[in-house]
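The values are calculated or read from the model by the stated rules, or taken from the named source; none is laboratory data. Values in this document were obtained by computation on a predicted structure and should not be read as measured data. Neighbour counts run over all protein chains shown; Cβ positions are idealised from the backbone, glycine included.
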Ligand SMILES: Nc1ncnc2c1ncn2[C@@H]1O[C@H](COP(=O)(O)OP(=O)(O)OP(=O)(O)O)[C@@H](O)[C@H]1O
Ligand SMILES: [Mg+2]
């Protein structure tokens, strides 16, 4: 289908012998803002990491833009879940944002003036330019999140995959992030965002995936984000197969 950018076919993922995702079949809408919701342990991060080829599935297939090779990942900006990143690593905010440029250059080449300009512009978008020389270990949680989003923007990918970017930040930053996401959507970008606040799903996202180890429902938010579907996902720990 033309309006699908990611297709997942019969995906099964396990940690050691313990199944984490069962029979996932999913189409992600191109140029959409798709929320992924489900309780803790539902496998949201696992699904995203499998898309990013950080986890090898037991079986199944993920097509991104019709491709399954690693090269397609250059076109995806990934913002991991808080707590998965080592913030003690010695690097400035600008270093971190410049990492977004390396996908275009390989690790050998040093960043050029143009890369710095793009990185600084991304920091400006996230209202973080004043922090560009600051060590990342010396940032607040919300500032770290903004620095990571600036890195994603600097990558200039077509697809953004974000694992709870709004977790633990204040309302001003939340509004800023949502404004940036909406603007980038008008430029043709696609967003896949793990989201925990059920009360803002309808306002923030045009599509939603409700999951708990398997897909409970997915599609346009208005049609799919119903009390019944939410209850199915949150009522029980996983659906038996
Ligand atoms: N590296 C791992 N090794 C073993 N089990 C894991 C590993 N990572 C996750 N799990 C387990 O897999 C299941 C899914 O975890 P995952 O992190 O994908 O859930 P999630 O939906 O992202 O949850 P949360 O909302 O808490 O972020 C959980 O039961 C978790 O304990
Ligand atoms: Mg998670």
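Identify all residues within the stretch 60-80 that are touching a residue at least 24 places away in the same chain (Cβ under 8 Å) and in contact with a strand residue (DSSP E or B) (Cβ under 7 Å, 6 or more places away or on another chain); write none if there are none.
If the condition is that a residue be touching a residue at least 24 places away in the same chain (Cβ under 8 Å) and in contact with a strand residue (DSSP E or B) (Cβ under 7 Å, 6 or more places away or on another chain), then 60, 61, 62, 63, 64, 65, 75, 76, 77, 78, 79, 80 are the ones that fit.
Quick check: is even one residue across the stretch 89-109 within 16 Å of ligand 2 (Cβ to nearest atom) and either under 16 Å from the mean Cα position of the chain (by Cα) or more than 29 Å from residue 141 (Cα to Cα) (or both)?
no
Take residue 28 and decide whether it is within 16 Å of ligand 2 (Cβ to nearest atom) and touching a strand residue (DSSP E or B) at 6+ places or on another chain (Cβ under 7 Å).
no
Can you tell which of 35, 42 is surrounded by 12 or more Cβ atoms within 10 Å (Cβ to Cβ), modelled with pLDDT of 95 or more and away from ligand 2 (no atom under 13 Å from the Cβ)?
Residue meeting the stated conditions: 35.
Condition test on residue 79, is it at pLDDT 95 or above, crowded, with 20+ Cβ neighbours inside 10 Å, within 14 Å of the chain's Cα centre (by Cα) and within 15 Å of ligand 2 (Cβ to nearest atom)?
In short, no.
Kindly provide the set of residues from the stretch 214-241 that are within 18 Å of residue 24 (Cα to Cα), in contact with a helix residue (DSSP H, G or I) (Cβ under 9 Å, 6 or more places away or on another chain) and at pLDDT 95 or above, ordered by number.
216, 217, 218, 230
Report the residue count in the stretch 74-92 for those that are in a strand (DSSP E or B) and away from ligand 1 (no atom under 16 Å from the Cβ).
Residues flagged as in a strand (DSSP E or B) and away from ligand 1 (no atom under 16 Å from the Cβ) within the stretch 74-92 amount to 3.
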